[in-house]
């Protein structure tokens with residue numbers, strides 16, 4: 001259970017020595033309880049008190065790291081059940097499943113698909129992050145599969161799915177340096193599995209027939225003092241997977257029981273049973289509700305576009321709106337006669353406005369100054385989207401060299417800026433655009 | 001220690017709203033827990049899935065969709081029958097696009113007469129969607145409400161600009177249900193419900209359209225707004241937010257780049273119809289997981305997937 005400031009205060013020396021940087025032991029204790037200071041800052045705590053405290057002030061959900069170098073990822077570490085309460089921290093990661101039963105052609109096709117779906121959206125690289133390699137009985141084929149994927153040039157982290165400890169030992173020889181997730185510890189093999197992964201601190205996935213058994217298994221593994229874990233809520237039925245995923249997260253964060261304070265692995269590929277749109281539907285549900293590793297049967301743009309977009313949205317910090325880079329954007333191959341439109345760097349505004357310009361099929365320049373990442377009216381009210389901000393950006397961005405057209409279209413909602421901008425941008429005609437982006441195509445066509 | 005199921009009891013519950021008439025009516029809402037949280041309590045009725053049709057030929061829709069409906073799409077009445085027989089949706093959403101002043105600008109009388117024919121041709125309940133032009137929708141819904149008296153349809157939607165007339169004609173005079181539309185903000189949603197309430201519209205006759213966005217396009221606001229509305233309705237027993245939610249998913253998802261770009265525009269993206277369905281399915285799955293009680297979809301394939309998803313989340 002979480003300790004209150006008073007509980008912590010009782011363990012301090014109560015000397016108000018100020019070495020921790022706080023005026024009193026009480027003030028320090030309150031801060032520690034709120035998660036704003038680390039208990040180690042007090043050098044006068046007894047060993048016993050420290051142990052007691054670090055246990056109870058540890059995060060409710062562990063952050064588990066896997067992969068290596070540019071494919072190193074963190075999962076878990078969440079502190080709230082709903083993103084509006086604070087924010088979600090570590091976005092879910094997508095895996096594609098390979099098995100030793102697949103034909104070489106099938107494996108090649110999946111690898112090719114994963115390589116092809118790799119793009120940047122609002123500053124974030126979108127691609128499959130994990131190759132999930134499943135053992136289904138043929139050891140040689142399994143080892144060959146691991147080699148093949150490893151040597152394919154894919155930039156991915158690995159997850160080995162295998163309950164056979166002997167096979168795993170050999171498999172790990174091939175990829176242990178890549179820090180793979182090792183999935184497949186159950187009530188029968190967990191102690192050997194822990195021995196196998198402890199050395200390299202590889203994350204270990206736990207699975208059981210139901211939540212009660214999963215809980216008992218996790219307790220047993222924790223007793224061996226191993227805490228680099230993933231939990232598998234199961235995939236026998238969609239309802240069970242959903243309910244278990246919710247229960248695991250809620251048990252950790254609401255009931256404050258760290259036994260379930262680990263990220264999850266969802267085998268959406270098995271639940272969907274070959275139905276691609278069902279994979280999309282389930283992946284969406286588990287992106288919203290508490291999936292950490294989401295395993296798909298394959299990746300293509302039809303899956304990627306919605307799923308990566310959704311994930312980017314859900315894992316946006318509510319206190320920091322998504323922003324696009326302030327710069328000049330060319331739309332529909334803008335040329336030296338194209339008009340210039342201006343809007344803010346709030347990602348949503350950019351998307352809506354650029355989408356509508358695209359729809360108009362009229363070549364145009366879209367210039368985005370640094371407006372603090374707010375929407376048009378908010379940025380205007382905060383003084384971040386003023387006449388001087390806009391005219392300064394027009395002068396300094398170099399747009400005057402890209403087009404001879406001297407028409408600058410401003411959002412209808414900030415029509416009041418027209419005079420201001422015209423005063424500081426001689427030679428430009430400032431045109432007040434529509435209030436709503438949806439009217440941009442008509443507006444541009446009639447201009 | 002043994003595992004113990006974490007159970008959360010709430011004091012509030014979502015209103016149950018029935019629309020349609022007689023034995024073919026359908027109910028929305030009734031839950032007292034978060035979506036599909038079967039272990040907490042009563043999850044209410046299944047989410048309802050409606051298919052969208054238009055009062056005009058769907059010129060702008062994808063070829064694949066036009067092919068599915070063929071000649072039936074030339075006439076909303078046949079189209080509605082076709083959809084009902086072939087795809088058995090929970091309801092049909094007739095969108096009166098032809099009345100749009102920026103388009104064909106059909107008169108409210110003409111549009112309403114067609115809506116009546118459609119309503120008489122089908123058994124499933126009807127949702128009538130307007131043009132999203134607030135002035136026109138006011139006149140449109142006044143007329144639609146009058147000629148559809150007795151059909152108990154949902155009028156989608158009333159906004160702050162026109163709720164008085166739509167509420168008065170639609171609900172108070174002709175006993176329909178009204179969708180209160182706000183733009184992805186819990187306070188605006190609450191305010192419009194209260195305003196309708198002050199007009200004399202009962203909470204039980206209101207369904208909320210709290211706004212939508214395609215996934216990738218600010219969907220975090222949709223998800224968090226729905227989370228907050230549901231938590232306030234259930235946890236704080238806030239009566240002015242206990243209406244069920246209807247989300248016209250297709251209105252947004254089929255106009256974003258991912259669905260609109262042809263294979264020529266974006267060769268690497270592959271099949272356009274697959275992208276369109278995937279965007280619609282992802283957004284619909286996300287809103288029902290966030291709290292929507294009904295969704296409006298365009299592609300029958302999307303509807304089938306979302307139906308299967310909802311069934312699978314409810315039954316083992």
For the range B:298-316: of the residues being in contact with a strand residue (DSSP E or B) (Cβ under 6 Å, 6 or more places away or on another chain) and surrounded by 22 or more Cβ atoms within 10 Å (Cβ to Cβ), which is nearest to the other protein chains (Cβ to nearest Cβ)?
B:306
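Residues of the range A:304-315 being under 23 Å from residue A:233 (Cα atoms) and within 7 Å of chain B (Cβ to nearest Cβ), which ones?
Let us first name the residues in the range A:304-315 that are under 23 Å from residue A:233 (Cα atoms), namely A:307-308, A:310-311, A:314-315.
The answer is A:307, A:310, A:314.
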Would the range A:34-56 turn up any residue that is part of a loop (DSSP other than H, G, I, E, B), touching a strand residue (DSSP E or B) at 6+ places or on another chain (Cβ under 8 Å) and within 27 Å of residue A:227 (Cβ to Cβ)?
no
Out of all the residues in the range A:267-285, which are more than 9 Å from chain B (Cβ to nearest Cβ) and in contact with a helix residue (DSSP H, G or I) (Cβ under 7 Å, 6 or more places away or on another chain)?
A:268, A:269, A:272, A:279
Among residues of the range A:316-328 being more than 7 Å from chain B (Cβ to nearest Cβ) and crowded, with 19+ Cβ neighbours inside 10 Å, the residue farthest from residue B:287 (Cα to Cα) is A:324
Restricting the range B:218-250 to residues that are assigned to a loop (DSSP other than H, G, I, E, B) and touching a strand residue (DSSP E or B) at 6+ places or on another chain (Cβ under 7 Å), the one farthest from residue B:28 (Cα to Cα) turns out to be B:248
Can you report the number of residues in the range A:424-447 which are in contact with a strand residue (DSSP E or B) (Cβ under 7 Å, 6 or more places away or on another chain) and either assigned to a strand (DSSP E or B) or modelled with pLDDT under 90 (or both)?
4
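Results for (1) in a helix (DSSP H, G or I); (2) facing chain A (nearest Cβ under 8 Å), shown as yes or no for each residue.
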| residue | (1), (2) |
| --- | --- |
| B:252 | yes, no |
| B:265 | no, no |
| B:273 | yes, no |
| B:276 | yes, no |
| B:280 | yes, no |
| B:284 | yes, yes |
| B:287 | yes, no |
| B:292 | no, no |
Residue in the range B:178-192 that is in a helix (DSSP H, G or I), within 17 Å of the chain's Cα centre (by Cα), more than 14 Å from every other protein chain (Cβ to nearest Cβ) and under 22 Å from residue B:35 (Cβ atoms) present:
yes
Hey, among B:291, B:270, which residue is free of Cβ contacts under 8 Å to residues at least 24 places away in the same chain and on the phi > 0 side of the Ramachandran plot?
B:270
Among the residues of the range A:252-266, write down those that are more than 11 Å from every other protein chain (Cβ to nearest Cβ), farther than 22 Å from residue B:308 by Cβ and modelled with pLDDT of 95 or more.
A:261, A:262, A:263, A:264, A:265
Residue in the range B:157-171 that is at negative phi, in contact with a helix residue (DSSP H, G or I) (Cβ under 7 Å, 6 or more places away or on another chain) and in contact (Cβ under 8 Å) with a residue 60 or more places away in the chain present
no
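Residue check: is residue A:395 surrounded by fewer than 18 Cβ atoms within 10 Å (Cβ to Cβ), within 14 Å of chain B (Cβ to nearest Cβ) and at pLDDT below 95?
no
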Take residue B:258 and tell me if it is surrounded by fewer than 24 Cβ atoms within 10 Å (Cβ to Cβ), closer than 25 Å to residue B:69 by Cβ and within 11 Å of another protein chain (Cβ to nearest Cβ).
no
Given (1) at pLDDT 85 or above; (2) in a loop (DSSP other than H, G, I, E, B), where does residue A:70 come up short, assuming only one miss?
(2)
Test: residue A:241 is in the same structural domain as residue A:136 (by TED's automatic domain parsing), surrounded by 20 or more Cβ atoms within 10 Å (Cβ to Cβ), in contact with a helix residue (DSSP H, G or I) (Cβ under 8 Å, 6 or more places away or on another chain) and closer than 17 Å to residue A:135 by Cβ
no
Yes or no: residue A:295 within 11 Å of another protein chain (Cβ to nearest Cβ) and touching a residue at least 12 places away in the same chain (Cβ under 8 Å)?
no
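Go through the range A:301-392 and tell me which helices (runs of 4 or more DSSP H), entirely inside it, have 1 or more residues that are in contact with a strand residue (DSSP E or B) (Cβ under 9 Å, 6 or more places away or on another chain) and closer than 15 Å to residue B:216 by Cβ.
Ranges flagged: A:301-314, A:347-360.
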Based on this model, can you work out whether residue B:27 counts as within 20 Å of the chain's Cα centre (by Cα), outside any loop (DSSP other than H, G, I, E, B) and surrounded by 15 or more Cβ atoms within 10 Å (Cβ to Cβ)?
yes
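Test residue B:238 against the stated conditions and say whether it is closer than 27 Å to residue A:349 by Cα, surrounded by fewer than 24 Cβ atoms within 10 Å (Cβ to Cβ) and in contact (Cβ under 8 Å) with a residue 12 or more places away in the chain.
In short, no.
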Does residue B:214 satisfy being in contact (Cβ under 8 Å) with a residue 12 or more places away in the chain, more than 7 Å from every other protein chain (Cβ to nearest Cβ) and part of a loop (DSSP other than H, G, I, E, B)?
yes
Tally, over the range A:248-259, of residues that are surrounded by 24 or more Cβ atoms within 10 Å (Cβ to Cβ) and either more than 26 Å from residue A:309 (Cα to Cα) or more than 20 Å from the chain's Cα centre (by Cα) (or both)
1
Tell me, which residue of the range A:105-136 that is at pLDDT 95 or above and farther than 18 Å from residue A:296 by Cβ is farthest from the other protein chains (Cβ to nearest Cβ)?
A:135
Given the options B:68, B:49, B:43, name the one that is surrounded by fewer than 21 Cβ atoms within 10 Å (Cβ to Cβ) and closer than 28 Å to residue B:29 by Cβ.
B:43
Suppose we filter A:217, A:143, A:160 for residues that are crowded, with 16+ Cβ neighbours inside 10 Å, under 25 Å from residue B:6 (Cα atoms) and free of Cβ contacts under 8 Å to residues at least 40 places away in the same chain; which single one remains?
A:217
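The values are calculated or read from the model by the stated rules, or taken from the named source; none is laboratory data. Computed from a prediction, not measured in an experiment: that's the story for all the values here. Backbone-built Cβ (ideal geometry, glycine too); neighbour counts: all protein chains shown.
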